[in-house]
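Below: one structure, written as structure tokens.
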Amino acid sequence: MAKLWIAVVFGTIGILASVASSQLSVGFYEKQCPQVEAVVQSFVQDAITRKPGVGAGLLRLQFHDCFVQGCDASVLIDSTKNNSAEKDAPPNISLRGFEVIDAAKAALETQCPGVVSCADIVAYAARDSVFKLGGPFWEVPVGRRDGTISRMKEANASLPAPFFNVAQLTQNFAAQGLSQDDMIVLSGAHTIGIAHCFTFSPRLYNFSANASTDPTLDPNFATALKKQCPPGKAAAFNSVVLDSHTPIHFDNSYYVNLALQKGVLGSDQVLFSDAATSKAIKTSSVDEESWRAKFAAAMIKMGSVKVKTGQQGEIRKSCRAVNHS
Ligand code: HEM
């Protein structure tokens, strides 16, 4: 009997989760704003042509949006006198690409006022960034509504840290309904973009009582990182590319780097050092095609985390503030 109840409860949770994602649909704006994808794409492409790093920023923006209050553009809301918003939480301080979302939103508000949510613009912009940088293309299910709550504390509590081990990373993704495989596949996003020295410098200088430098780092790579990130506060905001091989190309070299012990973040390199996940890393390092397909599928799954649909939330007029604020 107990087993039956467990099956019923978990079956119901599974059904609820799939109902949430099935509330999104690919053709949602077909009638009210058919040009939405072309508009977002043109702003994203222009921005990346001018500065490729913006593409990495826009991809990370969707991840940080979805992990706090679900994919509802809560990460875009500015702090006010009475509220410290997600955006100002330390893990979000280096987010970039907000101006691209603002520009696309402004254009869409002129062409189809009050129709397209900021959360959907974020989802399109992430997809367009990946594609523009050579990654896979996927159809984005849309129909998300924008949230009205954005709290710094929640961002601090929900986003994973770069010193997490595999168990902590797995648990952090599980809290969003994402599996360990999803986590490994989505971490491949670190094939583009940068990290600031303070996010990984303990690996270079203060690793443990026995080893000042993390022994899972290739020694020559560690030397190169130390040059870019000398000890001390002055260099804390220097940055290095996450993928030293092809930094602005969306390919599987993230996994190749990990297998060569050239992962920048501790939370990346542990995926290769830990026996629980190393096989999946090796597989993606040699099978790029299958990782690309899995990445696209995992982005759709991440993009449906705790979405608001129907009458929930609102369609914000400006992505930076809730309506009637
Ligand atoms: C698995 C847990 C993860 C951790 C601990 C983590 C942590 C980090 C950290 C510390 C940085 C450097 C930030 C900086 O110094 O400015 C970073 C950058 C980045 N992350 Fe992650 N991340 C994770 C997963 C993801 C996922 C799932 C995605 C997207 C699907 C993603 C996309 C990115 C991108 C594109 C950058 C570069 C951003 C830029 O250049 O502006 N990350 N991440």
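The values are calculated or read from the model by the stated rules, or taken from the named source; none is laboratory data. Keep in mind that this is a model prediction, so the values were computed, not measured. Note that each Cβ is placed from the backbone with ideal geometry, even for glycine, and that neighbours are counted across all protein chains shown.
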Among the residues of the range 229-242, which ones are under 18 Å from Ser94 (Cα atoms) and at pLDDT 95 or above?
-> Cys229, Ala234, Ala235, Ala236, Phe237, Asn238, Ser239, Val240, Val241, Leu242
Across the range 71-98, what is the total count of residues that are of a type outside the set (D, E, K, R) and either modelled with pLDDT under 95 or within 15 Å of the ligand (Cβ to nearest atom) (or both)?
-> 11
For Pro136: the one exception among (1) outside any helix (DSSP H, G or I); (2) farther than 29 Å from Val39 by Cα | (2)
Quick one: in the range 25-63, which of the residues that are touching an Asp or Glu at 6+ places or on another chain (Cβ under 6 Å) and more than 16 Å from the ligand (Cβ to nearest atom) is farthest from Ile300 (Cα to Cα)?
-> Gln41
Test set (1) over 17 Å from the mean Cα position of the chain (by Cα); (2) in contact (Cβ under 8 Å) with a residue 24 or more places away in the chain - Gln176 fails condition number | (1)
Which condition breaks for Ala119 when tested against (1) touching a strand residue (DSSP E or B) at 6+ places or on another chain (Cβ under 9 Å); (2) more than 20 Å from Phe28 (Cβ to Cβ); (3) within 16 Å of the ligand (Cβ to nearest atom)?
-> (2)
When you scan the range 140-221 for helices (runs of 4 or more DSSP H) that lie fully inside it, which ones turn up with 1 or more residues that are modelled with pLDDT of 95 or more, more than 12 Å from the ligand (Cβ to nearest atom) and farther than 23 Å from Ile77 by Cα?
-> 166-174, 180-187, 202-205
When you go through Leu225, Leu258, Leu242, Leu265 one by one, which is the residue that is under 14 Å from Ser201 (Cβ atoms) and crowded, with 20+ Cβ neighbours inside 10 Å?
-> Leu225
Selection from the range 129-161 of residues surrounded by 21 or more Cβ atoms within 10 Å (Cβ to Cβ) and over 25 Å from Ile248 (Cβ atoms) yields Val142, Arg144, Arg145, Asp146, Gly147, Ser150, Ala155
Residue that is surrounded by the most Cβ atoms within 10 Å (Cβ to Cβ) [pool: residues in the range 97-119 that are in a helix (DSSP H, G or I) and of a type outside the set (A, V, I, L, M)] | Cys118
May I ask you to list pairs of residues, at least six apart or on different chains, whose Cβ atoms are under 7 Å apart, with the first in the range 222-249 being free of Cβ contacts under 8 Å to residues at least 40 places away in the same chain and the second being small (Gly, Ala, Ser)?
-> Cys229/Ser201; Cys229/Ala235; His245/Ser253
Filter the range 31-60 for residues that are part of a helix (DSSP H, G or I) and either at pLDDT below 95 or of a type in the set (Lys, Arg) (or both); which is farthest from Asp120 (Cα to Cα)?
-> Arg50
Residue satisfying all of: in the range 63-96; of a type in the set (D, E, K, R) and in a helix (DSSP H, G or I); nearest to Gly188 (Cα to Cα) among these | Asp65
